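Structure record follows, encoded as structure tokens.
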Amino acid sequence: MLRRDRVVAMVTLFLLHIFTIGAAGAVVKLTPTRELEPQPAAVASRDLVRSGGSPVLPSADAAARVPSATALGSRLAGLLRPDINAVVIDAATRRVLFDQRGGKGAVPASTTKLATSTAVLAAVGPDYRLTTKVVQSGNGIVLVGGGDPTLAGPAVSAAQLAVAYPRPASIVDLAKQTATALKRAGKTRVRLDYDASLYQGQRTAPGWKSNYLKDGEAAPVTALMVDEGRVTPGVDTAPRVQDPVATAVEIFGQQLHRYGITVKAGARVTAAKGATQLAAVQSPRVSALVEQLLTTSDNDLAEAMARQVAIKRRLTPDFAGVAKGVHDVLAGLGVAQGVQTFDGSGLSIKNLITPEALARIVSLAASGERPELRAVITGMPIAGFSGTLSTRYLGATTQSAAGLVRAKTGTLSDVTTLAGLAYDADGRLLAFGFMANKVKDVAATRISLDQLATAIAGCGC
């Protein structure tokens, strides 16, 4: 999988001075200074960046006062629609500053990815990588899926791979390694079996709508796929192949043939433990994958990360195992209350999370208490600049918060949510969760959520 957003995310993430928040609550600026060069055109052309030489976000102030709950409530009251569940908490102390049904569960949509990302970073660690490998099996070989949906196919050129961030593993490279090993052993004809047993159970989650696969929202969840199972690699809206495993095996066989190996089609097997490894490729680190899935709201990556949690917890690697695994890890972190999930991506309409739970998850990641969770913060889109917030916070009522809010978005047909962090006018870091379900006008409600975050960022209360 390779998408234009990856390059944008790479440039933005490298240019921006990312959060480095200590246990005392210190925060650094989110946005680029005018002097940073080169800046991508999408950033450099903004009046917000071009005007003045001082950073948009002031220097961190660990001693900044906590806003008055009364004053903050008055500021938000005029903007808060009755159908929005909302909470604002002080990120350092976790004190609730504003609450409108903040403890009531709602369908979170893609803000579910905050729970998934936090769980996988805590469970397997930020440096873990997913491995796709080929092992020997008698006179044949077995292609073994490691759960990496970003494994790039031949449609992704070497030039594209060279500039991609994070750089995905390539099935072409895996085939080349395999062919080299086979020829070294004097083999040019081989039977190709495959093993996708790392994941089990249904390929779609409870609560997924039937059109998700057809519309390209997600691929069937499998441990072996190429280009996230897209019919047209690199096109976000492309529909997904019906059988990602069969497609990946076919592509791998074609690449072996390209490197001089004659392939006989095999069958689905389970590779023997301790089988001799002939070749392997590894995904980017989990921290980079988490940044990517949060910035671009990648559903396939989120499901893959959730499966890794279940596997690490020695649970059945299916949707039920995912739900228990994520909840158990969050419980160990002290942030599981108010979280009930049925998938890792947030596509399921059965998921229920409270705004307070989202705010507390974000606060924990920002606190510095668990350094392994840092990618949750660095991966969240920046208002007006990156990812799913790149085209938001550009209007008259929200532009003042561009660069000051870092948050995860969530959208379904009648759901819009937003959860993240804002650094207020006095230098205090605040966490928030805003959730609206069963809304008739998602676009209008989304603007309301952005206005609420803008009010927080502008608060000198």
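The values are calculated or read from the model by the stated rules, or taken from the named source; none is laboratory data. Remember, it's a predicted structure, so these values are computed and weren't measured experimentally. Every residue, glycine among them, receives a Cβ derived from its backbone with ideal geometry; neighbour counts consider all protein chains shown. Protein only, heavy atoms only, side chains kept; ligands, DNA and RNA dropped before computing areas. Shrake-Rupley method; radii C 1.70, N 1.55, O 1.52, S 1.80 Å.
What to note about this one:
- Of all residues making up the range 359-374, the number that are closer than 20 Å to Leu289 by Cα, touching a residue at least 40 places away in the same chain (Cβ under 8 Å) and in a helix (DSSP H, G or I): 8
- Taking first residues from the range 440-461 that are touching a residue at least 12 places away in the same chain (Cβ under 8 Å) and partners that are open to solvent by 20 Å² or more (accessible area, probe 1.4 Å) and among the β-branched types (Val, Ile, Thr), the Cβ contacts under 9 Å between residues at least 6 apart in sequence or on separate chains come to Val442/Thr411; Arg446/Thr411; Ile447/Thr397; Asp450/Thr397; Gln451/Thr397; Thr454/Thr397; Cys461/Thr70.
- Qualifying residue in the range 372-379 (condition: modelled with pLDDT under 95 and either farther than 16 Å from Val88 by Cβ or surrounded by fewer than 24 Cβ atoms within 10 Å (Cβ to Cβ) (or both)): no
- The listed residue being buried (at least 24 other Cβ atoms within 10 Å of the Cβ) and among the aliphatic types (A, V, I, L, M), out of Ala396, Ala383: Ala383
- Within the range 317-346, the residues that satisfy the criterion of being under 15 Å from Val107 (Cα atoms) and among the β-branched types (Val, Ile, Thr) are Val339, Thr341.
- Verdict on Gly140 being surrounded by fewer than 24 Cβ atoms within 10 Å (Cβ to Cβ) and closer than 26 Å to Leu174 by Cβ: yes
- Picking from residues in the range 403-421 that are among the aliphatic types (A, V, I, L, M), buried (at least 22 other Cβ atoms within 10 Å of the Cβ) and at pLDDT 95 or above, the one that is farthest from Phe432 (Cα to Cα) is Val415.
- Within the range 428-442, none of the residues are open to solvent by 50 Å² or more (accessible area, probe 1.4 Å) and under 21 Å from Ser74 (Cα atoms).
- Number of the condition not met by Ile377 [criteria: (1) in contact with a Gly (Cβ under 6 Å, 6 or more places away or on another chain); (2) not hydroxyl-bearing (Ser, Thr, Tyr); (3) not in a strand (DSSP E or B)]: (1)
- Criterion (under 25 Å from Val142 (Cα atoms) and open to solvent by 60 Å² or more (accessible area, probe 1.4 Å)) met by exactly one of Thr178, Thr188: Thr188
- Of all residues in the range 89-100, at least one satisfies being buried (at least 16 other Cβ atoms within 10 Å of the Cβ), farther than 29 Å from Asp298 by Cα and polar (S, T, N, Q).
Quick grid of which residues meet (1) among the aliphatic types (A, V, I, L, M); (2) within 23 Å of Leu330 (Cβ to Cβ):
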position: Ala375; (1), (2): yes, yes
position: Ile382; (1), (2): yes, no
position: Gly387; (1), (2): no, no
position: Thr398; (1), (2): no, no
position: Ala401; (1), (2): yes, no
position: Val415; (1), (2): yes, yes
position: Gly427; (1), (2): no, no
position: Arg446; (1), (2): no, no
position: Gln451; (1), (2): no, no
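- Pairs meeting the criteria (first residue in the range 199-218 and closer than 20 Å to Arg313 by Cα, second residue open to solvent by 60 Å² or more (accessible area, probe 1.4 Å) and in a loop (DSSP other than H, G, I, E, B), beta carbons under 9 Å, at least 6 apart or on different chains) are Gln200/Thr316; Gly201/Thr316; Ala205/Phe342; Ala205/Lys350.
- Members of the range 195-229 that are touching a Lys or Arg at 6+ places or on another chain (Cβ under 6 Å) and either more than 15 Å from Asp298 (Cα to Cα) or outside any loop (DSSP other than H, G, I, E, B) (or both): Tyr199, Pro206, Gly207, Gly229
- For beta carbons closer than 9 Å, sequence separation of 6+ or different chains, a first residue in the range 296-321 that is under 14 Å from Leu198 (Cβ atoms) and a second that is of a type in the set (Asp, Glu) and in a helix (DSSP H, G or I), the qualifying pairs are Val309/Asp328; Leu315/Asp328.
- Unique match (being buried (at least 21 other Cβ atoms within 10 Å of the Cβ), of a type in the set (A, V, I, L, M, F, W, C) and within 27 Å of the chain's Cα centre (by Cα)) among Ala155, Ala109: Ala109
- Screening the candidates Leu412, Leu430 for the property of being touching a helix residue (DSSP H, G or I) at 6+ places or on another chain (Cβ under 8 Å), closer than 22 Å to Cys461 by Cα and not aromatic (Phe, Trp, Tyr) yields one hit, Leu430.
- Pro82 meets each of the listed conditions (1) under 19 Å from Ile353 (Cα atoms); (2) of a type outside the set (A, V, I, L, M); (3) crowded, with 16+ Cβ neighbours inside 10 Å apart from (3).
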